[in-house]
Amino acid sequence: MGSVCIDRIGELVTNDPGGTDRPAEDVTDDAHRLGIRRDTAVVVDDGRIAWIGRAGEAGPTDERIDVEGCAVLPAFVDSHSHLIFGGDRTAEFDARMRGERYAAGGIRTTVAATRAADDATLLANATHLLREMRRQGTGTVEIKSGYGLSVHDEARSLTIAGRLTDETTYLGAHVPGPEFADDVDGYVALVTGAMLDACAPLARWIDVFVEQGAFGADAARTILTAGRARGLGLKVHANQLRPGPGVQVACEMGAASADHCTHLSEADVAALADSGTVATLVPGADFSTRSPVYPDGRRLVDAGATVALATDCNPGTSFTTSMPFCIALAVRECGLSPAEAVWAATAGGAAALRRDDVGRIAVGLPAALTVLDAPSHVHLAYRPGVPLTRPLLAPRPDQAVGASDHSG
Ligand SMILES: [Zn+2]
């Protein structure tokens, strides 16, 4: 890989507030937050950002790409997805849109289809979805297990996920496995015993769905404690369908993120603001379940919480791979400004994965950039549903994503 100059960038979103080169009186809070630089060029050498400066002023490079005034952003960091599954849930979605409510038990439909699918089928399905993500500007993806719910099927789900990303998450605690419908304690013992033994070496994270019909606060603490003892980072599916203890458990245990956060109390918002736990909003799920409310991103940002955006791509409740769609929803329905939503989809996602090498554009970092067919990041919300993103210098769709220097 040689050197390439990306020239005539109209608006460069760096997420590096120190990098803003506009006069102080011209820098709004939003422009400052995104570290926006105008009329710039970026030189990438051997896959890393080597130089950022004024358009037309870069030294000689092997190749030059003229983006003709378009905006360039860090590739999106999608910190929450469930890509390893068999079958789909078209009929369930259709029924819900005709008036039925979502219940957590629908997961078991996908569990049966996932167990019945061979490895090649599961890998091909996940790879197809990953290509969709890439086309829509995503550079780093977290992928969860959670549709196997047996030792064998959770471990093979994570093995397949590990072929696609470094950011693998063990979600044996999605719902109790079908064999344990009347024995949740027995299932928690499996999740923290033989299943953890098989899955911990294959995962960077452990996650638990805290919800009626899934797991309560005490079971969640037991599961997260066992995962932490095996070196896994912590994540929680929290407060999705109704108020509950998920956010408090996540914050008290130092989880990297509490995901969903649709139904939050004042105490939940305060706990997120006072902790290092990122509030990851997945408004595609609220959209697809026709939730009566969306997460209040405005309230979280105003309280000082760190907010991330993710797709939650899964066949039951959020079958979208599109970070631009989630950005548009977060602006329209969660009260974020376009700049806050773009930050949440890039730097926020990186924070939810405790990564500092993605979600930003700065000299020395790996180059994962998205060019918009538009002059400003605002167009991601202003022009919903329009395919504006072109991956630039990201790995090809058939290559693994999230490859990085971190270990874990
Ligand atoms: Zn999820």
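In the chain, a dipole from Cβ-located charges (positive for Lys and Arg, negative for Asp and Glu) runs towards its positive end, and of Gly186, Trp343, Ile223 it is Gly186 whose Cα lies farthest in that direction. Comparing Gly139, Gly254, Gly359 in a Gaussian network model of the chain where C-alpha atoms under 10 Å apart are linked, the largest mean-square fluctuation is found at Gly254. For region 77-352, the dipole from Cβ point charges (+1 on Lys and Arg, -1 on Asp and Glu) about the Cα centre works out to 520 debye, to the nearest 20.
Of the chain, which part is the longest with no GluC sites (Glu not before Pro) in a loop (DSSP not H, G, I, E, B) and with at most 13 other C-beta atoms within 10 angstrom? Intermediate results must be reported in sequence, preceding the final value.
On the way: sites that count: Glu57, Glu68, Glu100.
Formally, the longest exposed-site-free interval is 101-408.
Close amide H partners of Glu11, meaning residues 5 or more places away or on another chain with modelled amide H under 5 Å apart, are Asp39, Ala71, Val72. When the Gaussian network model of the chain links Cα atoms closer than 10 Å, the mean-square fluctuations of His80, His379, His237 top out at His379.
The separation of region 255-280 from region 116-188, counted between C-alpha centres, amounts to 25 Å. Rounded, prolate or oblate: which one fits the chain, using the alpha carbon gyration tensor with axes a ≥ b ≥ c (rounded when a/c is under 1.5, else prolate when a/b beats b/c, else oblate)? Prolate, because a/c is 1.5 or more and a/b exceeds b/c.
Here the 3J(HN,Hα) profile of region 167-178, calculated from phi with Karplus coefficients 6.51, -1.76 and 1.60 at θ = phi - 60°, is 8, 9, 10, 7, 10, x, 8, 7, 9, x, x, x Hz, Gly and Pro shown as x.
Database remark: amide H of Leu149 closer than 5 angstrom to the amide H of Glu154 (H placed geometrically; neighbours at sequence offset of 5 or more, or on other chains; Pro and chain starts carry no H). Of the residues Gly385, Gly69, Gly348, which exhibits the maximal mean-square fluctuation in a Gaussian network model of the chain defined by a 10 Å Cα contact cut-off? The residue that fluctuates most here is Gly385.
If I take R0 = 35 Å and measure r between the Cβ atoms of Asp218 and Asp119 in this structure, what FRET efficiency does the formula 1/(1 + (r/R0)^6) give, to the nearest 0.05?
The pair Asp218/Asp119 has a calculated efficiency of 0.50.
If both residues of a DSSP beta bridge must be in region 77-352, then about 5% of such bridges are antiparallel. Summed over qualifying helices (DSSP H, 4 residues or more, each -39500 (n - 2.57)) and divided by its residue number, the chain shows a 222 nm mean residue ellipticity of -9000 deg cm²/dmol. Listed from fewest to most Cβ neighbours within 10 Å, the set Ser145, Ser288, Ser3 follows the order Ser3, Ser288, Ser145.
None of the figures in this text is laboratory data; all of them are computed from the coordinates on show. What you are looking at is a predicted structure, and each value in this text was computed from that prediction instead of being measured. Virtual Cβ from ideal backbone geometry, glycine too; neighbours counted across all protein chains shown.
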